[in-house]
Each structure stands twice: as structure tokens, then as C-alpha cells.
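Trainee: I'd like to ask you about the structure that follows.
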Amino acid sequence: MDTKTKLIDDLLNLAFAEDIGDGDHTTLSTIPADEMGKSQLIIKEDGIIAGVEMGIKVLHKVDPSIQVTVNIQDGTPVRKGDIVFVAEGPVRSLLIAERTMLNIMQRMSGVATMTARYQKELEGLHTKVLDTRKTTPGMRILEKEAVKLGGGKNHRIGLFDMILIKDNHIDFAGGIEKAIDRAKDYCKATGRDLKIEVETRSLDDIRRVLVHGGVDRIMFDNFTPELTKEAVKLVNGQCETESSGGITIENLRAYGEAGVDYISVGALTHSVKSLDMSFKAV
């Protein structure tokens, strides 16, 4: 089992443990075991649908016999009243899976919808919006998948798949150059092929990084759009560039027009409103 599959499996096990406990006694007491039925997933507000595959996975984890007919695929714009899919099978199973399925799909769709809104602000530019590690504990893999479905790009998944030297690392290491050298030495000693990104706080920091070399991307932390434009000219394509810190939907376009390759936005996952939808009996 790969890491992604295991994380999703662990998430679903925990979700069902906290929701079902020793049984859905309402359903068990009111619905006969052999009762068959059909429910449809109905969209209640406009947005981007995400989590269709996960929704089916939840249904099948409860009961593999449930049959699902999909009308709308992941990453598709939806409008109020759209029916994403219809599920048919034992009524008990449909009712037991309902809340966990909706929680995941509503959250993922909210992230995808938010991402699409941010990326639309960058229309016509080469700049891509990135997510961050400011995610819901346990749901990072799904939220980052939702960012992609909304048209954005993933930054690193966690602390393990990229080296990002931030201000605290630099300060504790004794400077930018030392931090970069230690990161490169570590990768060589451990046989890891990891991209290295370094956070900069001024144009002077950027000059030091460029002179020293050895990084794949430079992050401009809390720069203004005007200073970002200078920074992009200074880097002049020698490595990738990223803006981060203090960026909102209102000033996003200005940062994109400054010429950066990426803009990381924590709000894609930490300030999201779930997309409203319901799972109703036909």
C-alpha cells in the first residue's frame, strides 16, 4: 500500500470510528436490513465539484454492493440543482455512509471552488497559485488534490518531499549560505534528490542566494508587488520564483503581473467555506 492510499484509508477509518461508533442505531432500528433504495447527490450552490471519486470510495467502504452512476466528474463547474451522481443499494448502507461522504466532498469542493476563484484572477498570466501546509490535519492529501481539481498547483505535500529553508532555519543555521550548504550536503549524504527552495526577506538576501547558487526556487516573503517586480528582474530566470505572505484575492493580480512563477496562498485550505450539497432519497 502506497503512502497516499494508506493516509486515505486511515482517514476513513477514523471518520467512521468517530461517526458510527458501535453502530448507527437510528438506521438499524428504523430500516429493515433487506430494504433497497436510491439516493442522489444534489448540489445546492454554484462551485467546482471535487471528491466524486472519494465519495464513491466512502460508499464502497461501507458496502461494496452499492452501485453508483456518475453524471458529473471531478473538477467540473456545477450549479445549484445539479445531480452529481446517483447511488443505489441497501438503504442502511446509504444512510450510514451519508455524513462522512458529504463532509469530505463538501470540504474538497470548497477548496476547489476557492482555488478556481484565485486562479481566475491570474487569467492570461503564466503565474500559478500554490497551496501550503496550512491544511486540516488528516485531510491534507484530499485538500491538495482538490487544489489541483480547482486549477491550482501543489507545493510540497509535507516536510519530506522538498527542502524549504525558511527564516527560522536560516537564523538557527547562522545564515543563508550555511543553510543552503547544509541542505545540499544532507541530500548528498542521504542519497535524496530533493528540490531546494529558500525564503528571502530582502533584495540583498536574493543577491546572496544568487551569488551562492544551489537552489531551485527563491521565495519572496512579504514583499510588496513593486518590490516583487524588482526581485523578479534580479533573479532573471536563474531559478523559479514564488511570492508568499500578505497576499489576498484583492492584490493577487498585482503579484502575478510582477512576473513571479508561483504565488502560495494559505487561504486555499485554511479559510474555506464548504460547498453546500445534500444526499437525498429518490
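The values are calculated or read from the model by the stated rules, or taken from the named source; none is laboratory data. These figures come from a predicted structure and were not determined experimentally. All Cβ positions, glycine included, derive from the backbone under ideal geometry; neighbour counts span all protein chains shown. Just the protein is used for accessible areas: all its heavy atoms, side chains included, with ligands, DNA and RNA removed. Shrake-Rupley method; radii C 1.70, N 1.55, O 1.52, S 1.80 Å.
Trainee: Give me the residue from region 244-282 that is crowded, with 16+ Cβ neighbours inside 10 Å, touching a strand residue (DSSP E or B) at 6+ places or on another chain (Cβ under 6 Å) and among the polar types (S, T, N, Q) and, out of that set, nearest to V78 (Cα to Cα).
Mentor: The qualifying residue nearest to V78 (Cα to Cα) is S264.
Trainee: Same structure again: A258 - would you say it is of a type in the set (G, A, S) and more than 21 Å from the chain's Cα centre (by Cα)?
Mentor: In short, yes.
Trainee: Between G175, G110, G124, G152, which is without any contact (Cβ under 8 Å) to a residue 60 or more places away in the chain and open to solvent by less than 40 Å² (accessible area, probe 1.4 Å)?
Mentor: G175
Trainee: Still on this structure, I have one more. Let me confirm something: among T228, T241, which residue is open to solvent by less than 20 Å² (accessible area, probe 1.4 Å), polar (S, T, N, Q) and part of a helix (DSSP H, G or I)?
Mentor: Of T228, T241, the one residue that is open to solvent by less than 20 Å² (accessible area, probe 1.4 Å), polar (S, T, N, Q) and part of a helix (DSSP H, G or I) is T228.
Trainee: Is at least one residue of region 51-70 of a type in the set (A, V, I, L, M), modelled with pLDDT of 95 or more and touching a His at 6+ places or on another chain (Cβ under 7 Å)? Give the derivation first.
Mentor: Within region 51-70, the subset of a type in the set (A, V, I, L, M) is 52, 54, 56, 58-59, 62, 66, 68, 70.
Filter once more, keeping what is modelled with pLDDT of 95 or more: 52, 54, 56, 58-59, 62, 66, 68, 70.
Restricting the remaining residues to those that are touching a His at 6+ places or on another chain (Cβ under 7 Å) gives 66.
Within region 51-70, one or more residues are of a type in the set (A, V, I, L, M), modelled with pLDDT of 95 or more and touching a His at 6+ places or on another chain (Cβ under 7 Å).
Trainee: Would you mind finding the one in I43, I49 that is within 24 Å of L275 (Cα to Cα) and more than 19 Å from the chain's Cα centre (by Cα)?
Mentor: Answer to the check: I43.
Trainee: Just one of (1) in a helix (DSSP H, G or I); (2) free of Cβ contacts under 8 Å to residues at least 24 places away in the same chain trips up C187, so point out which.
Mentor: Just one mismatch for C187, condition (2).
Trainee: Still on this structure, I have one more. If you check every pair at least six apart or on different chains, which have Cβ atoms under 6 Å apart with a residue in region 80-92 that is among the aliphatic types (A, V, I, L, M) first and a residue that is part of a strand (DSSP E or B) second?
Mentor: Once the first residue is among the aliphatic types (A, V, I, L, M) and sits in region 80-92, its partners that are part of a strand (DSSP E or B) give I83/Q40; I83/I42; V84/L41; V86/Q40; V86/T69; A87/S39; A87/V68; V91/G37.
Trainee: Here is a further query. Within region 201-225, track down each residue that is over 16 Å from D261 (Cα atoms) and open to solvent by less than 30 Å² (accessible area, probe 1.4 Å).
Mentor: Within region 201-225, D205, V209, G213 qualify.
This table checks each residue for (1) assigned to a loop (DSSP other than H, G, I, E, B); (2) in contact with a helix residue (DSSP H, G or I) (Cβ under 7 Å, 6 or more places away or on another chain).
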position	(1), (2)
R208	no, yes
L268	no, yes
K273	yes, yes
S278	no, no
